[in-house]
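Q: Have a look at this one.
The values are calculated or read from the model by the stated rules, or taken from the named source; none is laboratory data. Being a predicted model, the structure only gives us computed values, none of them experimental. Positions of Cβ are backbone-derived with ideal geometry, glycine not excepted, and every protein chain shown enters the neighbour counts.
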């Protein structure tokens, strides 16, 4: 499936800020499962853009702006072709657990160890105990079960958490958005010895996809590594396996590794963030959405706010 | 080796705050001790002129007793324009760039700071205010002498000269501004004001020097000529303008050609204004001239800051 | 005048004594020193000590002690009597440390690139990946000349049999070298005549050697702009930062003096921005770039990591070196030496128990009273339990900490550090010492002879760190002909 994506991020400041410096992770991945045919990044006011590939092969752009700013626009436009999800067997052999247990000295270890947002907290263990989340017949069916359980237990509620909410907040209130549900699942899977990694990206909603997550927003899900199958994407927020509609931007241990934008500036100002995302079928010609205007809200926002993934 | 903007800024402000400390001490000292025998109305007016010179909100002063305000300006560390706040700021700036000043300079400013704080915290200063203010002035002079004798006269030293001269020029202008009333008074009132004029000269530390040049006969036109336009009296505004201009040239000598042009130009115009300026006997243009001086100081300070200290990143990329 | 009582308090025990053989006779290289000491009166000694202390204070050779109630600025106590090492002993130390630093550097390059040593199972992968100082941002990043650790301070102690062993390596921002330099100046002032008799290898060239090392990181620039990046005057080692910057004739800067523009690092000067080529940084990774590391840091330079990755600025030491001075990874250094050089270590490690390993952890928990337990990421002697000197409450507390975070601790047997003569209240007494040589790695590995000898000034204390009431001595490495 081919997608055409517009992603606008507008930063507004109530006082001019200086020496703004930023890194963005907005370029969709180009790999065996996904081909990024076209990507364009525009920053207004104009400035030199730099890019590099990190150790996980994510493309990171960065730049700095020297003129005093009251607003900054970052527009990413891409055309991405996503291959369909491989056909999955109903389950794997039980011996798969042993294969996973033998990974202690494998580079996959990075995705088994706790990370900033995916920690095996006491609350998590309690949650797992309460819902009897244990190793079942095999890793594949276990993961499927967890996804369903989380879908049923945690209510998708926008604005119930913030961009840096730890999983304990989510587990206590049993509410969250994609980022939170994904973090909880990653923490659970790692506790069970299943390598899991965070995916930041987009989900294309068609009219008759009744996805829980918000359309025209960034999205988060996870990939788990299974013997014989390799990395497979699963989306617990919508209780589906990641397929053609899931467009991957970046992968990491958790959100902290791959925020879409991250910046620092000099100045005594509050920052407000506005994000406008439009994910479309590339076969249908779409106009670029009108540029969102920076709107300063009546209540000041916290400085250096990042965008939460819906 | 190039000079870091932050270091230049700290040296500049160390110098400005120290000069401000001395100025505040001198004004308070003269006002309190010179004019004890004048009548109540004149006394109140005198205090009002002082508050104006020190930028204190006169409306707030009203008919308040001077004593608490004297205390505010001397000993209140929370009041940003107080003597103790100024010396604290001067010393803190010095501390931040301790490696760039001589150890004797540091010891002296630190000692002055500690002495002032000790006097203020123990309220001892009130028991002998004249001596206290004298100690402050002496400490400041000693620091300047040590600076000139022990610090290499490099870019940093020039920023220190710049800071002192700008602060002094500006403070003198403000002082004259607050005294416009008695300087431009009608001739029949002049007998009354003579004592005030002498006090004004003393606030500029100019009385003795003035007498050497003009005899003790004090008249406003001569006073202004001396305190504003005299070329060789070290505390005149003209003299400060010369120092400022010289400092900008010296600072720029080390830089790539043209970098400090703007500052030099502004300082040059200021210097010319003082060199070729003057007042008539009626002092008709005095108010205007003073405002020009204050504006000039402000422009120089701003230019210095924007060119050498806090400039936009892409404005100049030197080698 | 002969000072008969001078040696009265000098008691030998099971530890190796730097000055005396077990039979009480002075070792050859200490004979002359002892002879001179016996001809100085206690009053003269006290006077010389006072001169030294006053000079230190006047020069501002102080440091900040955290958590010390009696004020924050202290002079680092200096003991007048130099610690003397023979050339033969030193040569072995030098070879051993060169071998060690070379291996550690290769380890760092390896784990941030192909991970051969991890793939081959020599070092457990989880130990590296779970290390707080392991920086994934450094994966695949190439550093100038492939040298990560340009300045290292390795701490050596001498066992009761006289053998030097490495207690720990300091590969991030090792400090103390300024004391080494100042102590030598002091010695020359206090005992000038001794230098006539003893042929001591010089240390004053350290500044020049460090400068060369830093220059080597920018080989394609004819006159690289080198700066020393300090956290500022509130840092406990600030004196050293100013001292070294002055010694090398380079600019001392704070984070706010630098700015990254178009992926290049610049310094804010009164004549505009000046490009920076090499940064000798004395700021920890965590605080060095708020864009990539801790966002709450006001000490760092936003964008520095990107400029570094792009090769537009060199940084000494490289980012991410803390993984190799983690105390748990320390246990694998002999294995690293064997793996990368094929040789046996010339200088050994101290036996170390890894608490993340169950049987070792059990042994340690059962024997806390006779072991030293250390937190893996700490330095300065903090987070440490000295078994034989601890209370039951302290041991219990550590047992809890270990159980909660086994990866965070290691244990070692309590060692009898060697002892050296010190002047305590006018008398000669023995105190435990260690040795921290400073190893530079630019074009090649070079080590200034000797280093800082730290002394545990409290009788019986084994803690030598400055922040916990230790002191230091001048260290003399003799030339061969004077043995």
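Q: Being away from every other protein chain (no Cβ under 14 Å) and either within 26 Å of the chain's Cα centre (by Cα) or within 12 Å of residue A:80 (Cα to Cα) (or both) is the filter here, so list the residues in the range A:11-26 that pass it.
A: Those that are away from every other protein chain (no Cβ under 14 Å) and either within 26 Å of the chain's Cα centre (by Cα) or within 12 Å of residue A:80 (Cα to Cα) (or both): A:11, A:12, A:13, A:26.
Q: Then there's this: Mind checking whether some residue in the range B:243-255 is in the same structural domain as residue B:289 (by TED's automatic domain parsing) and closer than 19 Å to residue B:20 by Cα?
A: Filtering the range B:243-255 down to residues in the same structural domain as residue B:289 (by TED's automatic domain parsing) leaves B:243-255.
Those still in the list that are closer than 19 Å to residue B:20 by Cα too: B:243-244.
Among the residues of the range B:243-255, at least one is in the same structural domain as residue B:289 (by TED's automatic domain parsing) and closer than 19 Å to residue B:20 by Cα, which makes the answer yes.
Q: To continue, here is another question. What is the number of the single condition among (1) out of contact with any strand residue (DSSP E or B) (no Cβ under 8 Å at 6 or more places or on another chain); (2) more than 18 Å from residue B:311 (Cα to Cα) that residue C:278 does not meet?
A: (1)
Q: If you don't mind, another one. Against the condition within 14 Å of chain C (Cβ to nearest Cβ) and in contact with a helix residue (DSSP H, G or I) (Cβ under 7 Å, 6 or more places away or on another chain), how does residue B:267 come out, does it pass?
A: Working: within 14 Å of chain C (Cβ to nearest Cβ): no; in contact with a helix residue (DSSP H, G or I) (Cβ under 7 Å, 6 or more places away or on another chain): yes.
For residue B:267, the condition - within 14 Å of chain C (Cβ to nearest Cβ) and in contact with a helix residue (DSSP H, G or I) (Cβ under 7 Å, 6 or more places away or on another chain) - is not met.
Matching residues to (1) within 14 Å of chain B (Cβ to nearest Cβ); (2) over 21 Å from the mean Cα position of the chain (by Cα):
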| site | (1), (2) |
| --- | --- |
| A:63 | yes, yes |
| A:80 | no, no |
| A:84 | no, no |
| A:94 | no, yes |
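Q: Can you find a residue in the range C:246-260 that is more than 9 Å from every other protein chain (Cβ to nearest Cβ), assigned to a strand (DSSP E or B), under 24 Å from the mean Cα position of the chain (by Cα) and buried (at least 20 other Cβ atoms within 10 Å of the Cβ)? Lay out the reasoning, then the answer.
A: Here is the first cut: in the range C:246-260, the ones more than 9 Å from every other protein chain (Cβ to nearest Cβ) are C:247-248, C:255, C:258.
Of the ones still in play, those that are also assigned to a strand (DSSP E or B) are C:258.
Retained after the next criterion (residues that are under 24 Å from the mean Cα position of the chain (by Cα)): none.
Within the range C:246-260, not a single residue is more than 9 Å from every other protein chain (Cβ to nearest Cβ), assigned to a strand (DSSP E or B), under 24 Å from the mean Cα position of the chain (by Cα) and buried (at least 20 other Cβ atoms within 10 Å of the Cβ).
Q: Same structure again: Restricting to the range B:236-259, name every residue that is at the interface with chain C (Cβ under 10 Å from one of its Cβ atoms) and either on the phi > 0 side of the Ramachandran plot or surrounded by 24 or more Cβ atoms within 10 Å (Cβ to Cβ) (or both). Reasoning before the result, please.
A: Here is the first cut: in the range B:236-259, the residues at the interface with chain C (Cβ under 10 Å from one of its Cβ atoms) are B:251-252, B:254-256, B:259.
B:251, the sole residue that qualifies.
Q: Moving on. May I ask you to verify whether residue B:295 is more than 14 Å from chain C (Cβ to nearest Cβ) and surrounded by fewer than 16 Cβ atoms within 10 Å (Cβ to Cβ)? I'd like the intermediate steps shown before the answer.
A: Working: more than 14 Å from chain C (Cβ to nearest Cβ): yes; surrounded by fewer than 16 Cβ atoms within 10 Å (Cβ to Cβ): yes.
Here the answer is yes, as residue B:295 does meet what is asked.
Q: (1) assigned to a loop (DSSP other than H, G, I, E, B); (2) more than 14 Å from chain A (Cβ to nearest Cβ); (3) closer than 23 Å to residue A:20 by Cβ: which one isn't true of residue C:318, the others all being true?
A: Only one criterion is unmet by residue C:318, namely (3).
Q: Continuing with the same structure: Which members of the range A:11-59 meet the condition of being over 29 Å from residue A:270 (Cα atoms) and in a strand (DSSP E or B)? Reasoning before the result, please.
A: Of the range A:11-59, the ones over 29 Å from residue A:270 (Cα atoms) are A:28-39, A:52-58.
Correct list: A:31, A:34, A:35, A:36, A:37, A:38, A:39, A:52, A:53.
Q: Sticking with this structure for a sec: Would the range B:106-129 turn up any residue that is touching a helix residue (DSSP H, G or I) at 6+ places or on another chain (Cβ under 9 Å), in a helix (DSSP H, G or I) and closer than 21 Å to residue B:49 by Cα?
A: Checked the range B:106-129: at least one residue is touching a helix residue (DSSP H, G or I) at 6+ places or on another chain (Cβ under 9 Å), in a helix (DSSP H, G or I) and closer than 21 Å to residue B:49 by Cα.
Q: Okay, next question. Could you tell me whether residue B:94 is at pLDDT 95 or above and buried (at least 21 other Cβ atoms within 10 Å of the Cβ)? Before you say what the answer is, go through the steps one by one.
A: Numbers: at pLDDT 95 or above: yes; buried (at least 21 other Cβ atoms within 10 Å of the Cβ): yes.
Considered against the rule, which asks whether it is at pLDDT 95 or above and buried (at least 21 other Cβ atoms within 10 Å of the Cβ), residue B:94 comes out as yes.
Q: Checking residue C:297 against (1) outside any loop (DSSP other than H, G, I, E, B); (2) under 23 Å from residue C:237 (Cβ atoms); (3) assigned by TED's automatic domain parsing to the domain that holds residue C:258, which test does it fail?
A: So the condition that residue C:297 fails would be (1).
Q: Can you pull out every residue in the range C:204-223 that is buried (at least 20 other Cβ atoms within 10 Å of the Cβ) and outside any helix (DSSP H, G or I)?
A: Result: C:216, C:217.
Q: Kindly state which helices (runs of 4 or more DSSP H) lie completely within the range C:321-425 and contain at least 2 residues that are out of contact with any strand residue (DSSP E or B) (no Cβ under 7 Å at 6 or more places or on another chain).
A: In the range C:321-425, C:333-341, C:358-366, C:392-404 are the helices (runs of 4 or more DSSP H) which contain 2 or more residues that are out of contact with any strand residue (DSSP E or B) (no Cβ under 7 Å at 6 or more places or on another chain).
Q: Give the range C:228-244 a look and list any residue that's within 14 Å of another protein chain (Cβ to nearest Cβ) and touching a helix residue (DSSP H, G or I) at 6+ places or on another chain (Cβ under 8 Å), or say none. Don't jump to the end; show me each part of the working.
A: First, the residues of the range C:228-244 that are within 14 Å of another protein chain (Cβ to nearest Cβ): C:228-235, C:238-244.
Those that are within 14 Å of another protein chain (Cβ to nearest Cβ) and touching a helix residue (DSSP H, G or I) at 6+ places or on another chain (Cβ under 8 Å): C:228, C:229, C:230, C:231, C:232, C:233, C:235, C:239, C:240, C:242, C:243, C:244.
Q: Here's something else I'd like to know. Take the range C:113-129 and flag every residue that is crowded, with 19+ Cβ neighbours inside 10 Å, within 9 Å of chain A (Cβ to nearest Cβ) and not in a helix (DSSP H, G or I).
A: Within the range C:113-129, C:124 is the sole residue that qualifies.
Q: All but one of (1) surrounded by fewer than 19 Cβ atoms within 10 Å (Cβ to Cβ); (2) within 8 Å of chain B (Cβ to nearest Cβ) hold for residue C:271; state the number of the condition that does not hold.
A: (1)
Q: Restricting attention to the range B:1-51, which residues are within 14 Å of chain C (Cβ to nearest Cβ), assigned to a helix (DSSP H, G or I) and farther than 26 Å from residue B:142 by Cα?
A: Result: B:5, single match.
Q: Considering the range C:83-102 alone, what residues qualify as being touching a helix residue (DSSP H, G or I) at 6+ places or on another chain (Cβ under 6 Å) and surrounded by 23 or more Cβ atoms within 10 Å (Cβ to Cβ)?
A: If the condition is that a residue be touching a helix residue (DSSP H, G or I) at 6+ places or on another chain (Cβ under 6 Å) and surrounded by 23 or more Cβ atoms within 10 Å (Cβ to Cβ), then C:84 is the only one that fits.
Q: Here's a follow-up. Restricting to the range A:244-256, and then to whatever is under 16 Å from residue A:178 (Cβ atoms) and within 12 Å of chain C (Cβ to nearest Cβ), can you tell me which residue is surrounded by the most Cβ atoms within 10 Å (Cβ to Cβ)? Don't jump to the end; show me each part of the working.
A: Restricting attention to the range A:244-256, the residues satisfying the condition of being under 16 Å from residue A:178 (Cβ atoms) are A:245-252, A:254-256.
After this cut, where a residue has to be within 12 Å of chain C (Cβ to nearest Cβ) as well, the list is A:252, A:256.
Numbers: A:252: 22, A:256: 16.
Filtering the range A:244-256 for residues that are under 16 Å from residue A:178 (Cβ atoms) and within 12 Å of chain C (Cβ to nearest Cβ), the one surrounded by the most Cβ atoms within 10 Å (Cβ to Cβ) comes out as A:252.
Q: Here's a follow-up. I'd like to verify a number: residues in the range C:451-483 that are modelled with pLDDT of 90 or more and surrounded by 23 or more Cβ atoms within 10 Å (Cβ to Cβ), how many?
A: Matching residues across the range C:451-483 total 11.
Q: Among what's in the range A:27-48 and is within 14 Å of chain C (Cβ to nearest Cβ) and surrounded by 14 or more Cβ atoms within 10 Å (Cβ to Cβ), pick the residue that is farthest from the chain's Cα centre (by Cα).
A: A:47
Q: May I pose another question? Being out of contact with any helix residue (DSSP H, G or I) (no Cβ under 7 Å at 6 or more places or on another chain), on the phi > 0 side of the Ramachandran plot and either assigned to a loop (DSSP other than H, G, I, E, B) or more than 14 Å from every other protein chain (Cβ to nearest Cβ) (or both) is the requirement here; does residue C:162 meet it?
A: The answer is yes for residue C:162.
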